[in-house]
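The values are calculated or read from the model by the stated rules, or taken from the named source; none is laboratory data. Since this is a predicted model, take the numbers as computed values, not measurements. Virtual Cβ from ideal backbone geometry, glycine too; neighbours counted across all protein chains shown.
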């Protein structure tokens, strides 16, 4: 698979600005992480449809992902956010998921509006604290990649920028 083929699976987060090598490496590691997603311990931590929707979303290229987001944005963004909330200690998945969510919020404003409305209604009550917690994991001697923290803070900033004060 060429570098171009690897990139077609990822939305283009600004966290990758001038980090082309990171983009390709994360795409490769993410594919390995998807294979591990079906393990019983991880699957039980997630909502029942999350694994199915997550794997479907990531099975094809960016154009296919956009079609899925256009057809049923709630299902696919919920799958990504469920992975963030439930598996935020899985750095391989977080590299991919956080940068993908960052790009989706930047490129697909209607999806961002859905999430903001859901947050206002109390859905995803611990999303922002889970995102902030990634820095805490790193401070406690963890090995959270700087790209994960950058993407997490970008997602937090985007969400807080849209929420009423």
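Please verify whether segment 88-107 includes one or more residues that are surrounded by fewer than 23 Cβ atoms within 10 Å (Cβ to Cβ) and free of Cβ contacts under 8 Å to residues at least 24 places away in the same chain. Looking for residues that are surrounded by fewer than 23 Cβ atoms within 10 Å (Cβ to Cβ) and free of Cβ contacts under 8 Å to residues at least 24 places away in the same chain, one finds none in segment 88-107, hence no. Inspection of segment 135-147 finds a residue satisfying the criterion of being modelled with pLDDT under 90, within 27 Å of residue 55 (Cβ to Cβ), assigned to a helix (DSSP H, G or I) and in contact with a helix residue (DSSP H, G or I) (Cβ under 8 Å, 6 or more places away or on another chain).
Kindly establish whether residue 76 is assigned to a helix (DSSP H, G or I), modelled with pLDDT of 85 or more, within 26 Å of residue 48 (Cα to Cα) and within 12 Å of the chain's Cα centre (by Cα). Taking the combined requirement at face value, the residue satisfies it.
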